[in-house]
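To start, the structure under review is shown below, and the notes come after it.
The values are calculated or read from the model by the stated rules, or taken from the named source; none is laboratory data. Small disclaimer: the values here were computed from a predicted structure and weren't measured. Methodologically, a virtual Cβ is constructed for each residue, glycine included, from the backbone with ideal geometry; neighbour enumeration extends over all protein chains shown.
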């Protein structure tokens with residue numbers, strides 16, 4: 001290999017040996033600098049970032065070769081190091097190899113051996129760096145493939161959600177509207193773009209578990225019996241199980257799907273979470289989901305007017321809904337950007353008899 005422009009630092013407390021190594025490597029085309037101690041060597045490396053190869057003696061006063069080697073491995077790991085040792089210190093040289101030196105040379109050494117050791121160490125360095133780049137590229141490729149697999153999985157699940165909603169005229173477009181609401185609220189709350197996307201994906205997929213709910217329950221034209229309602233609410237756990245492949249890279253989506261029917265006061269399902277136990281992504285989707293449910297007609301009840309649904313959110317904040325999320329929702333609505341599709345806003349209606357204001361229980365079915 002060529003040594004042209006390769007920078008080498010020679011470290012030895014004996015000027016004669018230091019000079020021999022320097023003249024030999026300069027003759028071979030290396031660009032050399034010298035240091036008489038470990039401390040000088042560290043100073044030289046700090047001021048000369050182009051050093052590729054270090055020749056260092058082991059026995060030196062102050063900072064010895066061992067300490068210098070450790071420092072180089074920690075701070076400049078891409079520098080190749082060759083250690084020089086006496087005949088009686090071969091075990092020491094082996095220890096240096098274990099610490100990260102790429103080669104060693106035994107004193108007294110032959111002139112031609114100096115360049116041979118230098119070239120051998122640089123060859124090893126090149127192979128190590130090439131392997132490191134290969135491993136990095138391989139890891140990146142694996143990550144890209146994993147990301148693509150997740151994207152394909154999400155596309156399949158999104159298609160499943162669309163097919164599920166298409167079966168019921170009363171919930172058609174529900175997930176898209178909830179996504180639009182939730183995304184706008186997340187932006188008003190100054191969540192990062194990554195978190196906004198997670199909120200939107202969670203909102204779009206929040207009801208995917210309804211694929212596991214019996215159609216007789218899902219499409220029932222009357223109000224549900226208690227046991228039917230309990231079966232319907234299983235969709236949160238079913239959905240989280242369906243989306244388990246996302247648990248490593250997007251756990252927030254699973255949290256939204258599993259917990260979007262939780263309540264701040266602990267009265268929600270399926271886990272009875274309380275307050276801050278409910279992640280902010282989920283709290284946002286819960287409000288968006290509830291608003292769309294209230295303003296959507298069902299066979300067994302008319303839609304609530306938007307103004308009444310907004311008032312219901314106000315009344316329920318701090319008990320069922322997060323107050324900050326509700327405040328952000330009120331600021332966002334009716335932002336045109338928040339509503340890519342029209343939401344059915346029917347006539348005003350009063351709360352059902354016997355149900356106090358602020359206690360309406362809303363759901364997305």
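Looking at 282, 286, 236, just one residue is in a helix (DSSP H, G or I), under 25 Å from residue 185 (Cα atoms) and in contact with a strand residue (DSSP E or B) (Cβ under 7 Å, 6 or more places away or on another chain), and that residue is 286. The residues on offer are 178, 185, 196, and the sole one that is surrounded by fewer than 23 Cβ atoms within 10 Å (Cβ to Cβ) and in contact with a helix residue (DSSP H, G or I) (Cβ under 9 Å, 6 or more places away or on another chain) is 196.
Is it the case that the range 223-238 has a residue that's crowded, with 20+ Cβ neighbours inside 10 Å and under 32 Å from the mean Cα position of the chain (by Cα)? Within the range 223-238, one or more residues are crowded, with 20+ Cβ neighbours inside 10 Å and under 32 Å from the mean Cα position of the chain (by Cα).
State whether the residues of the range 263-277 include one that is touching a strand residue (DSSP E or B) at 6+ places or on another chain (Cβ under 6 Å) and either free of Cβ contacts under 8 Å to residues at least 60 places away in the same chain or farther than 25 Å from residue 172 by Cβ (or both). Yes, there is a match, as at least one residue in the range 263-277 is touching a strand residue (DSSP E or B) at 6+ places or on another chain (Cβ under 6 Å) and either free of Cβ contacts under 8 Å to residues at least 60 places away in the same chain or farther than 25 Å from residue 172 by Cβ (or both). From the list 78, 91, the lone residue that is surrounded by fewer than 21 Cβ atoms within 10 Å (Cβ to Cβ) and closer than 23 Å to residue 43 by Cβ is 78.
What are the residues in the range 290-313 that are surrounded by 18 or more Cβ atoms within 10 Å (Cβ to Cβ) and assigned to a helix (DSSP H, G or I), if any? Give the steps one after another, and end with the answer.
Initially, the range 290-313 is screened for residues surrounded by 18 or more Cβ atoms within 10 Å (Cβ to Cβ), giving 290-296, 303-304, 306, 308-310, 312-313.
Selection gives 290, 291, 292, 293, 294, 306, 308, 309, 310, 312, 313.
For the range 40-48, the count of residues that are over 26 Å from residue 127 (Cβ atoms), assigned to a helix (DSSP H, G or I) and either at pLDDT below 90 or not assigned by TED's automatic domain parsing to the domain that holds residue 118 (or both) is at least one. One residue stands out in the range 265-275 among those that are outside any loop (DSSP other than H, G, I, E, B) and out of contact with any helix residue (DSSP H, G or I) (no Cβ under 9 Å at 6 or more places or on another chain): the one that is surrounded by the fewest Cβ atoms within 10 Å (Cβ to Cβ), namely 275.
Picking from 245, 221, which residue would you name as being assigned by TED's automatic domain parsing to the domain that holds residue 284 and farther than 27 Å from residue 155 by Cβ?
Step by step, each of 245, 221 is checked, and only 221 is assigned by TED's automatic domain parsing to the domain that holds residue 284 and farther than 27 Å from residue 155 by Cβ.
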